[in-house]
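One structure is given below, encoded as structure tokens.
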Amino acid sequence: MIIVMKHGSTEQQIAEISRTLKSLGLGVHISEGTERTIIGVIGDKQLLRDIPLEIMPGVEKLVPIVESYKLAGRTFKPEKSLIDVNGVKIGGSEIVIMAGPCSVESREQIMEAAASVRKAGAKFLRGGAYKPRTSPYSFQGLEEDGLKLLKEASEATGLLIISEVTSEHTVDIVDRYVDMFQIGARNVQNFQLLKEIGRSRKPVLFKRGPSTTIDEWLNAAEYIMSGGNYNVVLCERGIRTFETSTRNTLDISAVPVIRNISHLPVFVDPSHSAGKAYLVPSLSMAAIAAGADGLIIEVHPDPIHAMSDAAQQITPDVFDSLCSDISRIAPILGRKFEGSVK
Ligand code: PEP
Ligand code: MN
């Protein structure tokens, strides 16, 4: 249920309602909109049967939330969320691009990747240090050494860092180095990990699983948000279908669907959707046209020799020309993208 407060309700009135709800053991989530404040109440409604909430000072009305996800939905927060990651705002008019290799492999590789993606217009450097590989015999990532290299590359270029956290046991280590957590497709319903990330306030890019419905995905996001971390950016990265010519099928309609039912920003990962480098520019353009807030793209200085996902990583040159195409379509769509820093 949500409690819609009257326009002009006071901080004391909101605090009084919060106190009443918390004293009953209910979860209280406050969304301060430009027009009015909304209080999300999570827990057993029966506990409220003797509390005359509708007549408490400042209350306009009580509205039930019919969706199974509560905090991720538009009922709780009608305005779109703007998520600030150390100065870069996600969810506004700017198209935000995150780019870099699938895995951090060496100092030379990550430095070269960072310099080239920054020049083309990326704001974040991506790179996996803990790799969730399908086979245990494949490269598993450089772990903390990889995170240290990402930090070095960030210091050299000013790029923000995003890297995947694969287990609740490594949240603290990853937290020390990154500006934003990435939760990968395989962990979309790793509820222990989601609860741990919910205790943090650090922004998280939360990928859809290859077989999760949008409803399941938003319910999973709810695990993070109900812990108090509202800094969630969703990321569509392709789902499993009968089609075999692509690694996954990019569910482009997920972008407008999410925008309709959720206030959370939505990204697209064209690389894992496609699985093939030549498809990445087209899928990126389609994602921006569909209204994505940004993209996360795999870029490698030498894709043929990449230690993971070689077939889908694009070269710095292709990335550069993709970024200049995006900077040309952005104004037509009422968006901003600075593109190349030359
Ligand atoms: C990745 O970003 O390298 C990755 C493993 O992606 P996903 O979780 O979407 O498969
Ligand atoms: Mn990858």
Filtered residues of region 263-274 (kept if away from ligand 2 (no atom under 15 Å from the Cβ) and in contact with a helix residue (DSSP H, G or I) (Cβ under 6 Å, 6 or more places away or on another chain)): 266
Considering residues of region 216-240 that are closer than 20 Å to residue 292 by Cβ and either over 13 Å from the mean Cα position of the chain (by Cα) or of a type in the set (D, E, K, R) (or both) only, the residue surrounded by the most Cβ atoms within 10 Å (Cβ to Cβ): 236
Check on residue 280, away from ligand 1 (no atom under 15 Å from the Cβ), touching a residue at least 12 places away in the same chain (Cβ under 8 Å), crowded, with 21+ Cβ neighbours inside 10 Å and of a type in the set (A, V, I, L, M): no
Residues satisfying the stated conditions in region 126-168, i.e. free of Cβ contacts under 8 Å to residues at least 40 places away in the same chain, more than 13 Å from ligand 1 (Cβ to nearest atom) and under 18 Å from residue 206 (Cα atoms): 161, 167, 168
Any pair with Cβ under 7 angstrom, 6 or more apart, that starts in region 304-317 at a residue that is under 21 Å from residue 339 (Cβ atoms) and ends at one that is within 8 Å of ligand 2 (Cβ to nearest atom) and of a type in the set (A, V, I, L, M, F, W, C): 313/102
Condition check for residue 324: modelled with pLDDT of 95 or more, away from ligand 2 (no atom under 16 Å from the Cβ) and among the polar types (S, T, N, Q): yes
Unmet criterion (only one of (1) surrounded by 15 or more Cβ atoms within 10 Å (Cβ to Cβ); (2) more than 16 Å from ligand 1 (Cβ to nearest atom); (3) not in a helix (DSSP H, G or I)) for residue 307: (2)
Any hit, region 105-113, residues being among the polar types (S, T, N, Q) and modelled with pLDDT of 95 or more: yes
Candidates 186, 208, 201, filtered to the one that is within 16 Å of ligand 2 (Cβ to nearest atom) and surrounded by fewer than 17 Cβ atoms within 10 Å (Cβ to Cβ): 186
Sole residue being closer than 21 Å to residue 112 by Cα and either within 24 Å of the chain's Cα centre (by Cα) or not in a helix (DSSP H, G or I) (or both), chosen from 322, 283: 322
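Per-residue answers, yes or no, for (1) touching a strand residue (DSSP E or B) at 6+ places or on another chain (Cβ under 7 Å); (2) in the same structural domain as residue 125 (by TED's automatic domain parsing); (3) under 30 Å from residue 31 (Cβ atoms):
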| residue | (1), (2), (3) |
| --- | --- |
| 234 | yes, yes, yes |
| 238 | yes, yes, no |
| 254 | yes, yes, yes |
| 261 | yes, yes, yes |
| 267 | yes, yes, yes |
| 270 | yes, yes, no |
| 282 | no, yes, no |
| 306 | no, yes, no |
Close pairs (8 angstrom Cβ cut-off, 6 or more residues apart or separate chains): more than 22 Å from residue 102 (Cα to Cα) and away from ligand 1 (no atom under 16 Å from the Cβ) in region 182-209, assigned to a loop (DSSP other than H, G, I, E, B) and hydroxyl-bearing (Ser, Thr, Tyr) anywhere: 198/226
Meets criteria (touching a helix residue (DSSP H, G or I) at 6+ places or on another chain (Cβ under 7 Å), farther than 22 Å from residue 256 by Cβ and not polar (S, T, N, Q)) for residue 59: yes
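The values are calculated or read from the model by the stated rules, or taken from the named source; none is laboratory data. All of these numbers come straight from a predicted model, not from anything done at the bench. When we count neighbours, we look across all protein chains shown, and the Cβ atoms used for this are built from the backbone with ideal geometry, even at glycine.
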